[in-house]
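Chemist: I have a structure I would like to understand better, so I am pasting it below and will then ask my questions one at a time.
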Amino acid sequence: MKTIFGVMLALALTGAFTTAKAQSLSNKIHNPYSSLRALGMGNAFTAVADDYSLIMYNPAGFARKKHNEVQITLAGGGVSSKTMTVVDDIKKASDTPGTDADKAQAVSDVLEKYYGESLGGKLQALEMFWIRRNWGVAILPADLTVDMYINRQVGPALDLNVKGDSILAFGYGHNLTSTLDVGITAKYIHRVSVEEILPAFELATDPNMLSSKRFREGNKIDFDLGFMWTPDWFTKRVARQKVESPATTTSTSVAPPAEATAVDTAPVAETAPETPTEDTAPAETTPTEATADETRTPQSEQPEQSETVVAQQGPENTVPEPVGAITNSAPGTTPVPVPQDIQPNLSEPAQAEEPVSAPAEQKPAVAQDGYDVVPSYPLSFGVVVHNVIGGDFSQSKMINKDAVDKPSKLERTVDVGAQYKIVDWDDFAIRYMIDFRNLGYPGATTFNRVFHTGIEFDYSPNTWFKTQLRAGLNQMYFTAGASFLFGVLNLDIVTYGEEAGTLDQKRESRVTAAKVGFNF
C-alpha cells in the first residue's frame, strides 16, 4: 500500500512539474537598476537625479551635476528575513534519505510551511560609475534581483522570478534653456532570467534554484530619454557682500584737486609769493618771520594786502585771485578760476561732507536692509521615458549553451516626478519628492503600484564627507535608509518593501540591504 501511494504521489508531482514550465505568475515590477539611496526615499528619484545613479534614473541630471564623481561598488546586497532559511530548508529536505518520492514529500512539507511568504533579495557587485558634468559611463557586471513566492497552484510550489543584468551605459545631458534640461542614456543589457514555477518534485532532484540550465538568456540595446524643468518662480534674500574700496567710500560731492587742498590748508602768510609784484603791496613779514600768533589769525582779521596773491609764474597781466581760490590748471599755465559758489569757505572750520545719495524713494527696497534678492530654484520636475525602443530580447547563449527561451520583453515605461527643497543652504538641504513610476507597465494600473514619495536630510559640507538620512513610501510600503561618506569610503544601508502580490491581493516583499564602495 505504501509503495502504491508513493508511486501515485510521484506521478502527481511529475504532472505538476510538467505544468510548471509555464511563465511565472509574478506581477512584481522590475527595473534594470535600482539605487539603494533612491529606495530609501521611496524610490522617488526622478526629479532629484543628483548623484552617480542619475545615469539610470534621469540623464537630464547630467546638465546640472555640480561635482564629478567616480563610484566603485565592491559588493552590495540584501535579502528578506526568511529567504536564506527557506533556501537552506529546501536543501536539507532534498538530502532526505529514501526514494525520490520521499525527498519530494520532504520538500513539499517545507513549501507548505512557508506558504504565502514573499521572499527574495538583491545583489550588486563590482559596479563602476564615472559621472561628469554633461556626460558619464556606467559598467554594471552583476545586478541580480530574486523574487520567490510559495503558492498552491498544483500542490505546493515555488514561483521563482530572477533577473540578472549586465549593463553597459553611456549618458549625456545638456541645458536647452536656463530652466530646461534634457538627457539621454544609451544602454546595452545582457539578461539571464528564471521565470518558472518550480514544484516540489523538481526541487527535490535539483535544489539549486539558480542553476544555469534554468536560465533564459538574451541581449538588448535601448535608450532612456529624460527631461528636467526647474522653473524660476521663486527668489531668496542673501546678505550683500560689502566691498571696502575707495570707489565705495569716496564722497560723490565735488572735491577740490590735490593742489587746491594744499592751498586751503596752508596758512595765509605762507601762500603769499616770496617776491611781490608791482600790482601788490609788499608784505610786512616774510613766512620765516611770521609769529605763531600771526599764523593762527583768522582770515577775516588778516591785513588787507594779504588777501590777494598771483601765480608765481605767468604773464604780467594775470588777474589776482582771492586767497584760497581753486584752480584747475597745472603749474606754469594760466590759472582758470573756479566759480565762487563752489570755492571752500576758509572763514569756517572744515567739516566732513556727507555723501550725496539718491532720495529714499529711488532706492531699491533690498538696499535698505543689506540684503539682495536673487533667483532661487527649489522646485524641479522630471519626466523620463525608459526603454524607448522596448520589445523582445535577442537570443543569447553566453552562459546557458542550451537556452531556448528568451527573457520576457523589456517594457517601455514613463516616470514622472517632482522635488521641492524645503531647506537649501550651502551644506545642508531637506528635500521632499514624489514620483509616479512605471506608468505603462503591465499590471501597474493601480495607484498603490505606481506611487512613490520620500524625504531626505542631506548634510554634505564638502565632496569627501556627507551624511544623508531618508524615509519614504515605495508602493505604499515604508522605506528608510542612510548614506555615509568618509573620505573615499561610501556606505549605503536601506530597508524597503515592494508589492509582490497580484492585482487583487496585496503582498509585501521586504528587503534589508547594504552596499560598500569607494567614491571619489
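Chemist: Please state which of the following conditions Ile72 fails to meet, knowing it meets all the rest: (1) under 20 Å from Ile184 (Cβ atoms); (2) touching a residue at least 60 places away in the same chain (Cβ under 8 Å).
Modeler: (1)
Chemist: Mind counting the residues in the stretch 371-408 that are among the aliphatic types (A, V, I, L, M), surrounded by 15 or more Cβ atoms within 10 Å (Cβ to Cβ) and outside any loop (DSSP other than H, G, I, E, B)?
Modeler: Going through the stretch 371-408 one residue at a time, the tally reaches 4.
Chemist: Here is a follow-up. Within the stretch 90-100, is there a residue that is within 29 Å of Pro407 (Cα to Cα), over 39 Å from the mean Cα position of the chain (by Cα) and surrounded by 19 or more Cβ atoms within 10 Å (Cβ to Cβ)?
Modeler: yes
Chemist: Here is a check on your reading of the model: is Glu361 among the acidic types (Asp, Glu), at pLDDT below 90 and not in a loop (DSSP other than H, G, I, E, B)?
Modeler: Spelling it out, Glu361 is indeed among the acidic types (Asp, Glu), at pLDDT below 90 and not in a loop (DSSP other than H, G, I, E, B).
Chemist: A further question on this structure: I'm trying to understand the selection: among the residues of the stretch 441-464, which are in contact (Cβ under 8 Å) with a residue 12 or more places away in the chain, over 19 Å from the mean Cα position of the chain (by Cα) and surrounded by fewer than 16 Cβ atoms within 10 Å (Cβ to Cβ)?
Modeler: Pro442, Gly443, Thr445, Thr446, Asn448
Chemist: A further question follows. Any idea which residue in the stretch 46-97 is nearest to Ala500 (Cα to Cα), counting only those that are in contact with a Ser or Thr (Cβ under 7 Å, 6 or more places away or on another chain) and part of a loop (DSSP other than H, G, I, E, B)?
Modeler: Residue satisfying both the conditions and the ranking: Ser80.
Chemist: Restricting to the stretch 115-146, what's the tally of residues that are buried (at least 17 other Cβ atoms within 10 Å of the Cβ), more than 31 Å from the chain's Cα centre (by Cα) and not polar (S, T, N, Q)?
Modeler: Total meeting the criteria: 2.
Chemist: If you don't mind, another one. Just checking, how many residues over the stretch 164-183 are surrounded by fewer than 20 Cβ atoms within 10 Å (Cβ to Cβ) and not aliphatic (A, V, I, L, M)?
Modeler: 8
Chemist: Also: Tell me which residues, restricted to the stretch 499-520, are part of a strand (DSSP E or B) and over 18 Å from Ser53 (Cβ atoms).
Modeler: Within the stretch 499-520, Glu499, Glu508, Ser509, Arg510, Thr512 meet the criteria.
Chemist: Moving to a separate point now. May I ask you to verify whether Glu411 is in contact with a helix residue (DSSP H, G or I) (Cβ under 9 Å, 6 or more places away or on another chain), in the same structural domain as Leu225 (by TED's automatic domain parsing) and either at pLDDT 95 or above or surrounded by fewer than 19 Cβ atoms within 10 Å (Cβ to Cβ) (or both)?
Modeler: So Glu411 fails the test.
Chemist: Let me ask something else about it. Would you check if there is a residue in the stretch 106-121 being modelled with pLDDT of 90 or more, in contact with a Lys or Arg (Cβ under 9 Å, 6 or more places away or on another chain) and within 16 Å of Val511 (Cβ to Cβ)?
Modeler: no
Chemist: Mind checking whether some residue in the stretch 151-169 is within 18 Å of the chain's Cα centre (by Cα), within 27 Å of Ala418 (Cα to Cα) and at pLDDT 95 or above?
Modeler: Within the stretch 151-169, not a single residue is within 18 Å of the chain's Cα centre (by Cα), within 27 Å of Ala418 (Cα to Cα) and at pLDDT 95 or above.
Chemist: Scan the stretch 465-483 and tell me whether some residue there is among the basic types (Lys, Arg), within 17 Å of Val48 (Cα to Cα) and in contact with a His (Cβ under 6 Å, 6 or more places away or on another chain).
Modeler: No, the conditions are met nowhere in the stretch 465-483.
The values are calculated or read from the model by the stated rules, or taken from the named source; none is laboratory data. Small disclaimer: the values here were computed from a predicted structure and weren't measured. A quick note on method: Cβ atoms are made from the backbone with ideal geometry, for glycine too, and the neighbour counts reach across all protein chains shown.
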